[in-house]
Amino acid sequence: MTAEPLTPRSLSTPRSAGVAGVLFAVLFATTVFLIHRVVPADPHDSGAWLTNPSSRREVQIALWIVPFTGIFFMWFMGAVRSRVGLAEDRFFSTVFLGSGFLFIAMLFISSALMGALISLASHNRGLPPLSVWGLGRSATYSLTTTFALRMAAVFMIAASTIALRLAIHHKFIVWVGYASALVLLVAAPSLPYVELLFPLWVLLVSVSLLIQARRTDNGRLRDPGATGSWPDADTAE
């Protein structure tokens with residue numbers, strides 16, 4: 001009995017991976033909306049909303065969604081890298097992956113801190129120790145607006161640059177990414193609901209990926225990563 005030679009098999013990216021970006025956009029926007037409905041934007045607020053059980057429950061629902069948001073975002077990152085293919089550049093790939101993972105990590109940490117504050121308040125009739133509340137609230141605010149959103153902006157810049165060089169998406173999506181990233185970098189803490197710019201951009205990219213996947217199945221779209229090199233600026237036009 002002769003043993004058959006083992007041949008390596010490549011793992012193909014599921015076409016449904018592009019749906020992960022859509023799910024991330026919906027869940028992240030839902031989380032932002034629920035938290036903004038209850039928690040005041042001022043990090044130095046008194047925390048009076050903690051005395052209301054229904055308000056605490058609403059924020060807990062938002063925090064329960066966050067882990068799934070991170071999971072779908074990682075699938076979205078994988079879908080984008082798969083679209084780039086062999087044309088992936090190490091510099092932009094490092095910035096793309098690093099900023100994406102840092103965004104998820106800080107999102108998880110800020111959510112864990114907020115969950116701990118709510119748990120502490122529920123055990124103290126909605127009145128956590130003032131010093132603990134002040135530290136925790138300032139930490140969650142800084143992690144979200146100062147650090148996480150700016151990492152999201154860096155992610156958008158890296159992804160948009162890759163898309164522009166490889167002509168992966170329509171230029172409208174690229175320039176929306178650059179403009180939204182600039183807003184998140186400069187005015188993130190001062191504008192209400194500015195966090196929604198990120199999921200809206202992810203939604204645009206995800207829809208574009210799904211359309212391209214459908215065209216690829218029909219044999220009408222060339223894979224920009226199939227050549228193994230980055231195209232010149234003229235051909236990217």
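The values are calculated or read from the model by the stated rules, or taken from the named source; none is laboratory data. It should be emphasised that the depicted structure is a prediction, and the values quoted were computed from it without experimental measurement. Note that we place each Cβ from the backbone using ideal geometry, even for glycine, and neighbour counts take in every protein chain shown.
Within the stretch 184-195, how many residues turn out to be surrounded by fewer than 22 Cβ atoms within 10 Å (Cβ to Cβ), assigned to a helix (DSSP H, G or I) and either in contact with a helix residue (DSSP H, G or I) (Cβ under 6 Å, 6 or more places away or on another chain) or free of Cβ contacts under 8 Å to residues at least 12 places away in the same chain (or both)? Of the residues in the stretch 184-195, 3 are surrounded by fewer than 22 Cβ atoms within 10 Å (Cβ to Cβ), assigned to a helix (DSSP H, G or I) and either in contact with a helix residue (DSSP H, G or I) (Cβ under 6 Å, 6 or more places away or on another chain) or free of Cβ contacts under 8 Å to residues at least 12 places away in the same chain (or both). Does W175 satisfy the criteria of being part of a helix (DSSP H, G or I), modelled with pLDDT of 85 or more and surrounded by fewer than 19 Cβ atoms within 10 Å (Cβ to Cβ)? In short, yes. Does G85 fit the bill of being at pLDDT below 90, more than 18 Å from W133 (Cβ to Cβ) and out of contact with any His (no Cβ under 8 Å at 6 or more places or on another chain)? Yes; evaluated as a whole, the condition is true for this residue. Across the stretch 196-232, the qualifying residues are those that are part of a loop (DSSP other than H, G, I, E, B) and small (G, A, S), and the one among them that is modelled with the highest pLDDT is G219. When each of F92, F96, F73, F101 is tested for being touching a helix residue (DSSP H, G or I) at 6+ places or on another chain (Cβ under 9 Å), at pLDDT 85 or above and more than 26 Å from M114 (Cα to Cα), the lone residue that passes is F96. Filtering the stretch 142-172 to residues that are buried (at least 19 other Cβ atoms within 10 Å of the Cβ) and either touching a strand residue (DSSP E or B) at 6+ places or on another chain (Cβ under 6 Å) or over 27 Å from R81 (Cα atoms) (or both) leaves nothing. Among the residues here, V174 does not qualify as without any contact (Cβ under 8 Å) to a residue 60 or more places away in the chain and more than 26 Å from I71 (Cα to Cα).
Looking only at residues of the stretch 114-133 that are surrounded by fewer than 16 Cβ atoms within 10 Å (Cβ to Cβ) and part of a helix (DSSP H, G or I), we find that the one that is modelled with the highest pLDDT is A116.
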